[in-house]
Amino acid sequence: MVTSSEELLSALQWRYATKTFDPSRRIDPVTWEALEEALVLTPSSYGLQPWRFLVIDDPELRTRLRPHAWNQPQITDASHLVVFLVRRSIEAADLDRLIERMGALRGSPPERLQAYRQAMENDLINGPRSQVINIWASNQVYIALGNFMTAAAMLRVDTCAIEGFSPAEFDRLLDLDNTDYRSAVVCAAGYRDPADAYANQAKVRYEASSLIEHR
């Protein structure tokens, strides 16, 4: 069943940056599986997917992470916690991996995809964008964050994106220091506490006329 325009806007009106989660409510496995699949299905530039999604299931680990996220209760109280990881660099092996995967899924011999691979290499490894590749890769991760939060809203799952944390401390506690990935942003997911005062506050958004221009 295709979601209607009204259902989409209703979900986006309903969602907010949840400050207080109900620790007793858990996201059911079927719903969470759908949200994980939404992460997997996130689009990215070139389809390169320079990310990983670390779901922190261990309550003790979440307790240790919390002081390094401004002691925000969402870290420990939300049903699920996702740390969005981004690749530290983009290398030729990353391009080869994508080409191999693309060829396997689409039945295309790798040699037919070499022009596409070369275009990525010219842009991301040898081109001017290589000088800001960390920014480029982080931008990709935020596409995944937005996709995840919208998907969650459609399923009436609350979320809160968290940038107020120490990436260096998270990387240390998550044993990421000697890996190809670093923490970029965090998102808590679960169900709002009925007493969360922020749930009923009006959304503060500018008028569409001041944001959208047609030419």
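The values are calculated or read from the model by the stated rules, or taken from the named source; none is laboratory data. Note that this is a predicted model, so its numbers are computed, not measured. Please note: Cβ atoms are built from the backbone with ideal geometry, for glycine as well, and neighbour counts cover all protein chains shown.
Do we find that Ser138 is in contact (Cβ under 8 Å) with a residue 60 or more places away in the chain, touching a strand residue (DSSP E or B) at 6+ places or on another chain (Cβ under 7 Å) and polar (S, T, N, Q) in this structure?
Details: in contact (Cβ under 8 Å) with a residue 60 or more places away in the chain: no; touching a strand residue (DSSP E or B) at 6+ places or on another chain (Cβ under 7 Å): yes; polar (S, T, N, Q): yes.
No, not satisfied.
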>> Tell me yes or no: at least one residue of region 26-36 is among the small types (Gly, Ala, Ser) and more than 13 Å from Gly190 (Cα to Cα).
In response: yes
> Assuming Ala144 fulfils every condition listed in (1) within 22 Å of the chain's Cα centre (by Cα); (2) in contact (Cβ under 8 Å) with a residue 60 or more places away in the chain; (3) in a helix (DSSP H, G or I); (4) closer than 17 Å to Gln13 by Cβ apart from one, which condition is it?
Replying inline: (4)
>> Tell me whether region 109-131 contains one or more residues that are touching a strand residue (DSSP E or B) at 6+ places or on another chain (Cβ under 6 Å) and at pLDDT 95 or above.
In response: no
> Which residue pairs have Cβ atoms under 9 Å apart, sit 6 or more places apart or on different chains, and have a first residue in region 14-36 that is under 12 Å from Met149 (Cβ atoms) and a second that is β-branched (Val, Ile, Thr) and assigned to a helix (DSSP H, G or I)?
Replying inline: Arg15/Thr150
> Looking at region 103-121, is at least one residue closer than 26 Å to Leu41 by Cβ, touching a residue at least 24 places away in the same chain (Cβ under 8 Å) and within 22 Å of the chain's Cα centre (by Cα)?
Replying inline: no
>> Given the options Ala195, Ala188, name the one that is exposed (fewer than 10 other Cβ atoms within 10 Å of the Cβ), out of contact with any Pro (no Cβ under 8 Å at 6 or more places or on another chain) and touching a residue at least 24 places away in the same chain (Cβ under 8 Å).
In response: Ala195
> Does region 1-9 contain any residue that is among the small types (Gly, Ala, Ser) and closer than 23 Å to Ala184 by Cβ?
Replying inline: no
>> If I ask for residues that are under 22 Å from Ala144 (Cβ atoms) and surrounded by fewer than 23 Cβ atoms within 10 Å (Cβ to Cβ), which ones from region 69-81 would you list?
In response: Ala69, Gln72, Ser79, His80
> Conditions: (1) closer than 27 Å to Thr18 by Cα; (2) of a type in the set (Asp, Glu); (3) in contact (Cβ under 8 Å) with a residue 40 or more places away in the chain. Glu163 meets all but one. Number of the miss?
Replying inline: (3)
> Does Phe165 satisfy the condition of being assigned to a loop (DSSP other than H, G, I, E, B) and surrounded by 15 or more Cβ atoms within 10 Å (Cβ to Cβ)?
Replying inline: yes
> Out of (1) in contact with a strand residue (DSSP E or B) (Cβ under 9 Å, 6 or more places away or on another chain); (2) surrounded by fewer than 19 Cβ atoms within 10 Å (Cβ to Cβ); (3) charged (D, E, K, R), the odd one out for Arg182 is which?
Replying inline: (2)
